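The values are calculated or read from the model by the stated rules, or taken from the named source; none is laboratory data. Predicted, not measured: the structure shown is a model, and the values here were computed from it. With ideal geometry, Cβ positions are generated from the backbone for all residues, glycine too; neighbour counts draw on all protein chains shown. Side chains included, ligands, DNA and RNA excluded: accessible areas come from the protein's heavy atoms. Shrake-Rupley method; radii C 1.70, N 1.55, O 1.52, S 1.80 Å.
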Amino acid sequence: MIESINDWIGMHEIASRHGNVGNHMLGLIHWFMLVLFVGWSAFLAVILVKFRRSKNPKASYKGMTSHFSTHIEIGVVIVEVVLLLGFAFPLWAKWADAKERPEGDNVVNLRAVGEQYRWTFHYAGSDNLVGMTAHDRLSGANPVGLVTEDPNSADDFVSVNELVVPVGRPVVIQVTSKDVIHGLAIIPMFAQQDAIPGSEIPMWFIPEKEGEWNIVCAQLCGAGHAQMVAYVKAVSSDEFDDWYGSQNPLLPKS
Ligand SMILES: [Cu+2]
């Protein structure tokens, strides 16, 4: 019942593990906003009737004489400070902590490189280690700037505008950009991260449902922003391994 308000207002379907928690939270917030909307609307209606001109021909210059509203306001401030400092900040610190990031053979490691106007997904290859990259190595043939001398880069491959992920395994994406600020918004995975030139910022999620959805750019990045659409394809773990194994390394074998 609580989730249904999200469907009712046209929220996107969710396909990742933590996304269901986030969506549940959004459901609660929407119900809460509905209660606030109804409450304040009723308050406005009461005020309009109660203080109508025919009943109050002369304005009162004193207003309220009790401190009731001051106490309420202080109470609201205290509750909000507790919510922010006691819950929101610690939860965010835990989520952003590198020690909490999934690790191991099971994890899919990749980079997402934004540019006007496409996403290049740079996968780690069979060693599951993403090769070193450098800005001065960027070229048409090397769109992510892989450093040839790094042994970890030999098996790395890229997928342009198609992000393939396995259901049930953690996906860790280092998000970056070649030119301006972009935003990697994978709405069904409930994950979004700005892509900032010069920074590699991690985001991660565990896909829970097979399917194919759009990835949109979440930052107004130029005239072609609206065309900057990629795809996320969540497949079974076996199907993912087949796809992963069939990709050609970006760098030619020397
Ligand atoms: Cu963009």
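Accessible surface computed residue by residue for segment 4-99, with neighbouring protein chains in place and a 1.4 Å probe, gives 86 Å² per residue.
Using a 10 Å cut-off on Cβ atoms, rank the peptides 154-160, 236-242 from the highest mean neighbour count down.
154-160, 236-242
Restricting the GluC sites (Glu not before Pro) of segment 19-119 to loop positions (DSSP other than H, G, I, E, B) with no more than 16 neighbouring Cβ atoms within 10 Å leaves GLU103. The convex hull built on the alpha-carbon positions of the chain has an orientation-averaged projected area of 20.2 nm². Between ILE181 and ASP241, the FRET efficiency from the beta-carbon distance, with R0 = 51 Å, is close to 0.90. Restriction of the chymotrypsin sites (Phe, Trp or Tyr not before Pro) in segment 1-97 to DSSP coil positions whose beta-carbon has at most 10 other beta-carbons within 10 angstrom yields TYR61.
Across the accessible surface of the chain, with the other protein chains kept in place and a 1.4 Å probe, carbon and sulfur atoms take up 63 percent.
Across the chain, the longest run free of exposed loop sites, meaning trypsin sites (Lys or Arg not before Pro) lying outside DSSP classes H, G, I, E and B with no more than 10 other Cβ atoms within 10 Å, spans 63-252. FRET efficiency for the ASN20 to PHE51 pair, using the beta carbon distance and R₀ = 35 Å, is estimated at 0.15. Given their separation in residues at 0.36 nm each and the Cα-Cα distance between them, TRP95 and ARG169 gain 24.9 nm when the chain is fully extended.
In the full protein context, segment 111-254 carries 45 Å² of accessible surface per residue, based on a 1.4 Å probe and ignoring ligands, DNA and RNA.
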